[in-house]
1. Could you check region 59-162 for helices (runs of 4 or more DSSP H) lying wholly inside it with 2 or more residues that are of a type in the set (Asp, Glu) and surrounded by 12 or more Cβ atoms within 10 Å (Cβ to Cβ)?
2. Could you tell me whether Ala133 is under 24 Å from Leu33 (Cβ atoms) and of a type in the set (A, V, I, L, M, F, W, C)?
3. So is Leu171 assigned to a helix (DSSP H, G or I) and modelled with pLDDT of 90 or more or not?
4. What residue, of Phe200, Phe208, Phe195, is part of a helix (DSSP H, G or I), under 26 Å from Phe42 (Cβ atoms) and in contact (Cβ under 8 Å) with a residue 12 or more places away in the chain?
5. Counting only residues that are out of contact with any Asp or Glu (no Cβ under 9 Å at 6 or more places or on another chain) and assigned to a loop (DSSP other than H, G, I, E, B), which one in region 1-41 is modelled with the highest pLDDT?
6. What are the pairs with Cβ atoms under 8 angstrom where one residue, in region 47-64, is farther than 14 Å from Ile112 by Cβ and among the β-branched types (Val, Ile, Thr) and the other, located anywhere, is modelled with pLDDT under 95 and assigned to a helix (DSSP H, G or I)? Sequence gap at least six, or different chains.
7. Based on what the data block shows, is Ala202 small (Gly, Ala, Ser), surrounded by fewer than 17 Cβ atoms within 10 Å (Cβ to Cβ) and within 30 Å of Gly27 (Cα to Cα)?
8. For region 171-187, which positions are touching a Leu at 6+ places or on another chain (Cβ under 7 Å) and surrounded by fewer than 22 Cβ atoms within 10 Å (Cβ to Cβ)?
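The values are calculated or read from the model by the stated rules, or taken from the named source; none is laboratory data. Bear in mind that the values here come from a model prediction, so they are computed numbers and not experimental data. Every residue, glycine among them, receives a Cβ derived from its backbone with ideal geometry; neighbour counts consider all protein chains shown.
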Amino acid sequence: MSFDWGAILANAKFLLVQGLLGFGIYGGGTLRLAIPAILFGFVIGIILGLARLAQRPWIHYPAVVYIEFIRGVPLIIVIFYFWFLVPVLIGRPVPEYWVALTAFVVFEGAYIGEIIRAGIQSVAKGQVDAATASGLNYAHTMIHVILPQAVRNMIPSLVTQFIVLFKDTSLASIIGMMDLTKAAQTVSEREIKPFEMYLFIAVVYWCFTYSMSRFAQWLETRMSPDRVR
């Protein structure tokens, strides 16, 4: 079996522009799905993480139920729930992209919420007591004392979760969304070159995830207490 570089070169534009970026007649796109899923998932995660730490039961327990339930269900099941149930509930079909984006935000928000909760609780209690003794209220203590330290602790876990999310976007191809994996599958079925196509997208996935990992290392170094001082 010979490796056909020509098949990759001939289809690279479709794979990258349509599959990766989502510019084309099919919509979708891995980055077009991953970036808003990370942003909105992070916002949901902050809300859930703070809600889980809340003292009021009517805030705390719904957040706990949400996080524990979603984390106990595979992502593919969440995608299928939205794919089959939402059109029934609203009475009309929903584009694959919006189904996938909603499922990813709901799913990732639970995991990020746990990371936020653990990051906040990792700050030494003495720091909180000192801030309270100095007259800071809860909001100022959270903004000026807890979060700056918690963010440094959360960076490795957050970036790991973002990397997992980026790779998991390939699951959107199961419902027909034209992401990088679906684009490779489409080309492979036409060209009968599965090895070349899947090797190419594996390299693309690796380039992005490795870049995210290196950026996290750089950011962690920049935010280290020694550099901050």
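1. Numbers: elements: 75-90, 96-121, 125-133, 138-141.
In region 59-162, 96-121 are the helices (runs of 4 or more DSSP H) which contain 2 or more residues that are of a type in the set (Asp, Glu) and surrounded by 12 or more Cβ atoms within 10 Å (Cβ to Cβ).
2. no
3. Values: assigned to a helix (DSSP H, G or I): yes; modelled with pLDDT of 90 or more: yes.
Judged against the criteria, Leu171 is a match.
4. Working: Phe200 fails: under 26 Å from Phe42 (Cβ atoms); Phe195 fails: under 26 Å from Phe42 (Cβ atoms).
After ruling out the rest, the residue left standing is Phe208.
5. Of everything passing the filter in region 1-41, Phe23 is modelled with the highest pLDDT.
6. Ile59/Ala51; Val64/Arg52
7. Details: small (Gly, Ala, Ser): yes; surrounded by fewer than 17 Cβ atoms within 10 Å (Cβ to Cβ): yes; within 30 Å of Gly27 (Cα to Cα): yes.
The answer is yes for Ala202.
8. Leu171
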